[in-house]
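To start, the structure itself, in C-alpha cells.
The values are calculated or read from the model by the stated rules, or taken from the named source; none is laboratory data. What you see is a predicted model; the values in this text were computed from it and never measured. Cβ atoms come from the backbone with ideal geometry, glycine included; neighbour counts cover every protein chain shown. Keep in mind that these areas ignore ligands, DNA and RNA; they rest on the heavy atoms of the full protein, side chains included. Shrake-Rupley method; radii C 1.70, N 1.55, O 1.52, S 1.80 Å.
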Amino acid sequence: MRLRLPLGRGRSGTGRPARLTGMGTGVAGVAAMLLVAGADRLLFGGLGVLFGLGYLVVCFQLAVRVRFTDLPAAPISGPIAFAAALLVVQPVAADGVTGEVVALAGGLALRAGWLFTGTGLATAIVAARFVARRRLRRTR
C-alpha cells in the first residue's frame with residue numbers, strides 16, 4: 001500500500017526552490033557559466049550578449065536558491081564563475097601564464113558592464129532576502 005501526500009504538502013508541492021550551500025553555489029555557478037559560454041562560443045563564435053544574459057540568469061538563480069546561512073556566497077560565486085568561464089573558453093593570443101592573465105584581464109574589462117550588473121543583481125536580492133528574514137523574525 002502506497003501512501004500519497006496531497007500536492008499542497010511535502011517538498012515537491014510547495015513551489016519553494018531547492019536550497020544551495022555556499023560550496024554548491026560556486027559549483028553550480030561555474031558549471032552553468034561554462035555551459036552558457038560553450039553554447040555562446042558554439043552558436044556565435046565568441047562570447048557576446050548570450051554570455052552576458054546567461055550571467056544575469058545565473059546570478060539571479062544563485063541569489064534566489066542559496067540557503068539563508070550562506071547568503072554571502074551568492075554575490076561572491078557569480079564573479080568567480082564568470083572569470084572561470086572566461087579563462088576556459090576565451091582564446092589566448094600569447095603563450096604562458098602572462099598571456100592567460102592578460103587575456104583574462106582584457107575579457108573582464110570588456111565585459112565589465114555585465115559583470116557589475118549581475119553582481120549588483122545578486123547583491124540586491126541577497127540583501128532583500130536578509131532584510132525580509134530579519135523582519136519576519138522580529139514580528140514573531
What is the distance, in nm, between label points placed 7 Å from the Cα along the Cα-to-Cβ direction at residue 102 and at residue 53? 3.4
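I'm checking a number: the convex hull volume of the Cα atoms of the range 49-139, normalised per residue, in Å³. What is it?
Values: hull volume 8.1 nm³, N = 91.
Convex hull of Cα atoms, per residue: 89 Å³.
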Solvent-accessible area, 1.4 Å probe, carbon plus sulfur percent, for the range 33-140: 71
Taking only protein heavy atoms and a 1.4 Å probe, what accessible area per residue, in Å², does the range 37-140 have with all protein chains in place? 58
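So what are the range 18-83's ellipsoid semi-axes, whole angstrom, largest first, if each one is the square root of 5 times an eigenvalue of the alpha-carbon gyration tensor?
Working: eigenvalues 110, 17, 15 Å².
Value: 23, 9, 9 Å, ordered largest first.
Calculate the FRET efficiency for residue 35 and residue 136 from the Cβ-Cβ distance with a Förster distance of 35 Å, rounded to the nearest 0.05. Spell out each step's value before the answer.
Numbers: r = 35 Å, r/R0 = 0.99.
Given R0 = 35 Å and the Cβ-Cβ separation, E is 0.50.
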Please turn the phi angles of the range 43-56 into ³J(HN,Hα) values with the Karplus equation 6.51 cos²θ - 1.76 cosθ + 1.60 (θ = phi - 60°), one per residue in order, whole Hz, x for glycine and proline. 7, 10, x, x, 9, x, 5, 4, 5, x, 5, x, 5, 4
